[in-house]
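Please read the structure below before turning to the comments.
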Amino acid sequence: MSRLQVLLSHDRPLVMGILNVTSDSFSDGGQFLTIDSALGHAREMISAGADIIDIGGESTRPGADPVTASLEIERVIPVIQAIRRESDVAISVDTSKTEVIHAAQSEDIDLINDVCALRNEGAMDAANRSGIPVCLMHMLGEPRTMQLNPVYGDVVSEVFEFLVERVAACEAAGIPKSRLILDVGFGFGKSVEDNLTLINQLSTFLELGLPLLVGLSRKSTIGRITNDSLIGSVSGALFALNKGARILRVHDVAQTISAIRVWRSFAGEHVVNFAT
Ligand code: 7PM
């Protein structure tokens, strides 16, 4: 069984820690500072108990400066290697670029997290040949413009049909359902109301029969509800679990894990905090 299959076979939610591999204000043409600070952040999330580290080189971040495939590779690959030298944590690569999928597939990684759901030229083929599991996320439009005026007839059925179509496209290309995870794409081409509807109706997506990943940590919809993004994100994460989410993509790993422990205990599961 693959690392991710082992994790998913456990009867508990999984926590995916967000690792942004982006440059800071220092001049760092060689990317050393970028990689070093990313590794420090990864170590923190691993000791906090993250199940998966999601490494992103900023390619598809809404509003972010576009990053070339070679710069993304130059940042992401050394971080994968550095984490793998010291940890058996599951590693996810947050990318939509075919070149990055190609480069990452020869590393010991566990998931390709593509916010474009393998719609870019060559991405489906690269993911198929890699044999690595994939998270397919819904996004309306493209990152630069998706928040300008997203309009749906019925957001739940449109996102649902999109995911049905992408799963079928993967199966047709040779990627079996056993290698797929789905995500409704909170904040990706959606109004505040659309996001709230999708989370409220998240259990509808369980019908697709695949694990659901939810990423709402520190997103603007949470910020519209409360100024406390930590409490807001953790509260939202627990609500998503109640609606059937299996993997939570979060910034605040330690706090989310504490909340999950309480949630599982209240749900009647035997969770003992050995630390106290
Ligand atoms: C600006 C806006 C910066 C949004 C970064 C983001 C998801 C993801 C992201 C998600 C999956 C963030 C996002 N969000 N991958 N990548 N699901 N599967 O908040 O919701 O990190 S980028």
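The values are calculated or read from the model by the stated rules, or taken from the named source; none is laboratory data. Note that the structure is predicted; figures quoted are calculated from it, not measured. Because the Cβ atoms are built from the backbone with ideal geometry, glycine has one as well, and the counts that use them run over all protein chains shown. Heavy atoms of the whole protein, side chains included, go into the accessibility calculation; ligands, DNA and RNA do not. Shrake-Rupley method; radii C 1.70, N 1.55, O 1.52, S 1.80 Å.
Structural remarks
- Count of residues meeting criterion [in contact with an Asp or Glu (Cβ under 6 Å, 6 or more places away or on another chain) and open to solvent by 10 Å² or more (accessible area, probe 1.4 Å)] in the stretch 109-120: 0
- Here the helices (runs of 4 or more DSSP H) wholly within the stretch 121-216 that include at least 1 residues being in contact with an Asp or Glu (Cβ under 8 Å, 6 or more places away or on another chain) are 123-130, 155-173.
- Any chance Ser87 is hydroxyl-bearing (Ser, Thr, Tyr), within 16 Å of the ligand (Cβ to nearest atom) and either on the phi < 0 side of the Ramachandran plot or buried (at least 19 other Cβ atoms within 10 Å of the Cβ) (or both): no
- Flag for Glu165 being open to solvent by 70 Å² or more (accessible area, probe 1.4 Å), away from the ligand (no atom under 16 Å from the Cβ) and either of a type in the set (D, E, K, R) or farther than 19 Å from Gly215 by Cα (or both): yes
- Hey, Gly232 buried (at least 20 other Cβ atoms within 10 Å of the Cβ), touching a Leu at 6+ places or on another chain (Cβ under 6 Å) and of a type in the set (Gly, Ala, Ser) or not: no
- Selection from the stretch 63-78 of residues that are away from the ligand (no atom under 16 Å from the Cβ) and either open to solvent by less than 10 Å² (accessible area, probe 1.4 Å) or more than 19 Å from Met124 (Cα to Cα) (or both): Thr68, Ser70, Leu71, Glu74, Ile77, Pro78
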